[in-house]
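Worksheet: one structure, shown below.
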């Protein structure tokens with residue numbers, strides 16, 4: 001005899017074969033059009049239930065990203081999706097999406113013929129929660145601190161205190177997995193875990209209702225644990241094993257961000273926020289998260305409490321100044337000046353050199369190359385005397401950028417010194433940056449063979465450490481255009497633009513638009529080319545910088561477009577581009593190949 005039993009957990013009897021029923025399949029994270037979204041089971045159910053309730057909802061390139069996001073945020077849970085679809089009878093799709101943070105109040109009104117526990121989302125989850133033991137409930141409440149994936153070590157560090165001992169965490173965690181309240185995910189030879197967002201929100205509510213003091217304790221333990229992860233990773237990010245540690249931080253990124261938000265929200269934990277800023281500097285730079293990072297840590301460095309630890313504050317300001325390079329130039333200069341003054345007060349020559357090096361970079365962005373060169377030379381000479389490899393490689397990189405048009409022979413010597421440093425330390429992150437900067441200079445000088453060789457080496461090193469690829473892709477796009485491969489250039493530049501937009505990287509957004517403007521000019525789409533040049537200029541204006549890269553290519557393109565359109569028509573189109581919204585500019589950039597930009 002064969003029996004098929006449905007249950008919230010295994011029966012635990014001899015001969016039982018367990019099949020875990022997963023949530024419905026979800027659209028891919030980068031799916032943004034109807035054809036890519038409709039293949040997911042969760043989307044199919046949402047559309048079917050909407051139509052069953054008499055809602056005329058068409059899945060097109062405007063609604064598809066919103067429907068996909070609704071299904072993802074509801075974790076593909078069939079009941080939640082059915083209740084959400086029913087809400088479309090009284091709410092527009094965009095409003096429904098915006099209210100999902102209040103899903104337990106929103107998702108009610110299920111079928112009257114269903115069991116009472118299946119008529120609202122809260123009743124369903126509450127019923128399952130009520131069947132847990134006291135220790136299981138306590139652990140579930142504590143696990144609500146985690147956003148995204150976590151491992152057993154993290155669960156023990158955050159949850160094992162008071163009524164829960166270390167061994168209880170592993171034992172009860174397995175029980176919550178069996179009851180489908182925690183989802184296990186294979187990760188190589190180990191397991192990681194996550195709570196569905198609906199379960200996490202429910203458990204968070206129970207945690208706060210049960211004991212606000214315990215909720216604060218859990219948040220503090222979560223913050224301290226992920227600070228320890230960030231600080232353990234920091235020394236390795238310029239080491240031969242950097243790829244392993246970048247991957248570790250990637251896996252914990254959601255929890256690290258949650259921990260930083262906790263540290264920043266409370267003035268009493270300002271010191272923790274500053275420590276995060278110092279530990280994650282190279283992670284944020286490499287992953288192109290400068291814009292996000294700046295706004296996370298900017299408030300903390302301005303607090304009076306930050307001055308209790310002057311050295312820590314200076315290092316945090318240096319991180320903020322580096323991040324401000326994609327925010328605006330004036331902020332970068334102000335923060336660099338602030339760090340210089342504090343370093344002088346402290347009498348710390350190493351931190352003073354760091355601070356002056358960043359100020360020199362700000363001068364370079366401002367177009368004051370000779371002034372920047374003078375200070376960078378001085379910083380590099382001092383860095384060679386200090387036992388600080390990170391400072392030395394930063395000064396070498398910026399010296400190469402500054403000196404290339406001023407003293408090519410010196411640039412060659414610096415490049416040779418950089419290669420020797422890489423061989424000595426095995427620093428793949430520095431190798432990526434060194435080859436990238438040299439490649440940019442080679443493209444600008446018209447040495448396309450050397451540019452391609454350096455870009456290939458930058459890409460190889462970047463692949464190991466997981467560097468944000470749009471830096472290299474942008475320059476590859478410019479290189480392909482110079483080589484006459486218009487289609488290849490367009491593909492690279494559009495990809496760079498998409499990634500830079502997601503990262504909020506206005507510097508590389510501007511240069512991606514510049515590349516696409518030059519391409520449009522090559523094909524004599526003169527009106528569109530002039531508008532795209534205006535778009536690029538608008539982003540550069542936001543940053544407060546001149547055209548520090550590819551200025552010659554830009555001028556040649558502008559002259560050709562102006563000659564075809566005439567001064568009056570050119571200026572009109574250029575000004576139109578400068579006035580476009582971000583979304584309208586993005587649509588214009590992708591208009592020539594018939595693709596539709598994501599919402």
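Every number here is computed from the coordinates shown, using simple stated rules; none is lab data. Quick caveat, the model's predicted, so the values are computed rather than measured. Please note: Cβ atoms are built from the backbone with ideal geometry, for glycine as well, and neighbour counts cover all protein chains shown.
Counting other beta carbons within 10 Å of each Cβ, put 483, 185, 82 in order, fewest first. Don't skip to the end; give the middle numbers.
Working: 483 13, 185 10, 82 23.
Ordered by Cβ neighbours within 10 Å, fewest first: 185, 483, 82.
Listed from fewest to most Cβ neighbours within 10 Å, the set 180, 355 follows the order 180, 355. Measure nothing fancy, just the Cα-based angle from helix 369-383's long axis to the longest principal axis of the chain, in degrees from 0 to 90, nearest 10. Between helix and principal axis, roughly 70 degrees.
Can you classify the range 34-120 as rounded, prolate or oblate using the Cα gyration tensor, where a ≥ b ≥ c are the square roots of its eigenvalues, rounded means a/c under 1.5, and otherwise it's prolate if a/b beats b/c and oblate if not? Here the range 34-120 falls in the prolate category. Over the chain, what is the relative contact order in percent, taking alpha-carbon pairs closer than 8 angstrom and at least six residues apart? It rounds to 9 percent for the chain.
Given (1) 25.9; (2) 29.1; (3) 27.0, which label gives Kirkwood radius over Cα pairs in Å as computed from the coordinates? Structure-derived value, by its label: (3). Each of 374, 71 was scored by other Cβ atoms within 10 Å of its Cβ. Arranged with the fewest first, they read 374, 71. Per-peptide packing, taken as the mean over residues of other Cβ atoms within 10 Å, places 39-47, 410-418, 528-536, 96-104 in the sequence 528-536, 39-47, 410-418, 96-104 from highest down. Of the peptides 186-192, 558-564, the order by per-residue mean of other Cβ atoms within 10 Å, starting with the highest, comes out as 558-564, 186-192. Extent of the range 362-467 along its three principal axes (Cα atoms, max minus min coordinate, largest first): 35, 33, 23 Å.
Over the chain, dividing the summed -39,500 (n - 2.57) contributions of all DSSP H runs of at least 4 residues by the number of residues returns a 222 nm mean residue ellipticity of -21500 deg cm²/dmol. The range 471-488 and the range 214-241 have their alpha-carbon centroids 39 Å apart.
For the range 226-337, the convex hull spanned by the alpha carbon atoms encloses 92 Å³ per residue.
Considering Cα pairs under 8 angstrom that are at least six residues apart, work out the relative contact order of the range 132-210 and quote it in whole percent.
Details: 83 pairs, mean separation 30.5, N = 79.
Value for the range 132-210: 39 percent.
Relative to the longest principal axis of the chain, what angle (0 to 90°, nearest 10) does the C-alpha long axis of helix 329-346 take? The answer is roughly 90 degrees. For the listed peptides 198-205, 423-430, 445-452, a ranking on the average number of other beta carbons within 10 Å per residue, highest first, reads 198-205, 423-430, 445-452.
Can you tell me the orientation of helix 121-130 relative to the chain, as the angle in degrees between its alpha-carbon axis and the longest Cα principal axis, to the nearest 10? Compared with the principal axis, the helix lies near 70 degrees. Under the criterion of Cα pairs below 8 Å and six or more residues apart, the relative contact order for the range 468-575 equals 23 percent.
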